[in-house]
Amino acid sequence: MAHDVSGVWNPRNIAPPKQTAPFTPAGQAQFDFNTHETKEGRPITIDPTYTCHPPGLPHAYFNSSHPFEILQTPQRIFIFHEGYHVWRTVWMDGREMPKDSDSLWMGYSIGHWDGDDLVVETANFNDKTWIDAAGHPHSDAFKLTERFHRVDHDHMKVSFTIDDPKIYAASWGWQIDFDLKNWEIQEDYCIPEDEASYFERELGTPPGKSAPAK
């Protein structure tokens, strides 16, 4: 299994991280805004994925219970997320993080092997996505470090370390267990018509409009 994390992987648990994020004042204010619907007893509808925006990272791993697939080549590793049908490139050719990259929904990723673990560093994000479905925000200074550790043939642990000095006063993160599956990645696009149907079915109102007064 040396230098091999390929395959289709499915999370055992997509619950939000239990660790309390160490917010800066600006980060706390943004988190409070992102979660105000939950505190009012309503579903979160301001999550960017609810309006068909790309999920970003590491949110893509926890968008429902969709699997993801890793394909390896000598120069690049490709990660395909079934949810929202997004994918990313991890450059393995020794390059450094570009300083003039555009701000990207899924960031710019470079990787290396540390023993048999794959370590991926991603930066150059825009600030339009969330860390997770629980409402943790990030800024354009966000940097994500992922460590893929294959425990055995059928099991892998992935740790996520969050660094964002504008939003968090210190680094923080968590770890998720994934199981290898003999599956094929399916189509799962976010379609505006489906999104509008969801809002009307679940909330009684289409997106962009206020719910009826009670």
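Observations on the model:
- Test: residue in the range 71-78 that is among the hydrophobic types (A, V, I, L, M, F, W, C) and under 27 Å from residue 27 (Cβ atoms): no
- Taking the range 144-159 as the range and being surrounded by fewer than 20 Cβ atoms within 10 Å (Cβ to Cβ) and either free of Cβ contacts under 8 Å to residues at least 12 places away in the same chain or not β-branched (Val, Ile, Thr) (or both) as the test, the residues that pass are 147, 149, 151, 152, 153, 154, 155, 157, 159.
- Scanning the range 161-208 for residues that are β-branched (Val, Ile, Thr) and at pLDDT below 70 yields one hit, 205.
- Test: residue in the range 73-88 that is charged (D, E, K, R) and in contact (Cβ under 8 Å) with a residue 40 or more places away in the chain: yes
- Of all the numbered requirements in (1) under 16 Å from the mean Cα position of the chain (by Cα); (2) over 15 Å from residue 21 (Cβ atoms); (3) crowded, with 16+ Cβ neighbours inside 10 Å, residue 132 misses one, and that requirement is (2).
- Exactly one residue out of 97, 92 is hydrophobic (A, V, I, L, M, F, W, C), within 18 Å of residue 127 (Cβ to Cβ) and touching a residue at least 12 places away in the same chain (Cβ under 8 Å), and it is 97.
- Cβ separations smaller than 8 Å between residues 6+ apart or across chains give the following pairs from the range 46-62 residues that are over 8 Å from residue 130 (Cα atoms) to residues that are among the β-branched types (Val, Ile, Thr) and at pLDDT below 90: 50/44; 52/191; 61/14; 62/14.
- Members of the range 109-127 that are over 13 Å from residue 92 (Cβ atoms) and either within 12 Å of the chain's Cα centre (by Cα) or outside any loop (DSSP other than H, G, I, E, B) (or both): 117, 122, 123, 125
- Evaluation of residue 141 against (1) surrounded by fewer than 17 Cβ atoms within 10 Å (Cβ to Cβ); (2) at negative phi; (3) touching a Phe, Trp or Tyr at 6+ places or on another chain (Cβ under 7 Å); (4) not basic (Lys, Arg) (one fails), failing number: (3)
- Flag for residue 20 being exposed (fewer than 15 other Cβ atoms within 10 Å of the Cβ) and assigned to a helix (DSSP H, G or I): no
The values are calculated or read from the model by the stated rules, or taken from the named source; none is laboratory data. Please read all numbers here as calculations on a predicted model, not as lab measurements. Note: ideal-geometry Cβ built from the backbone for every residue, glycine included; neighbour counts use all protein chains shown.
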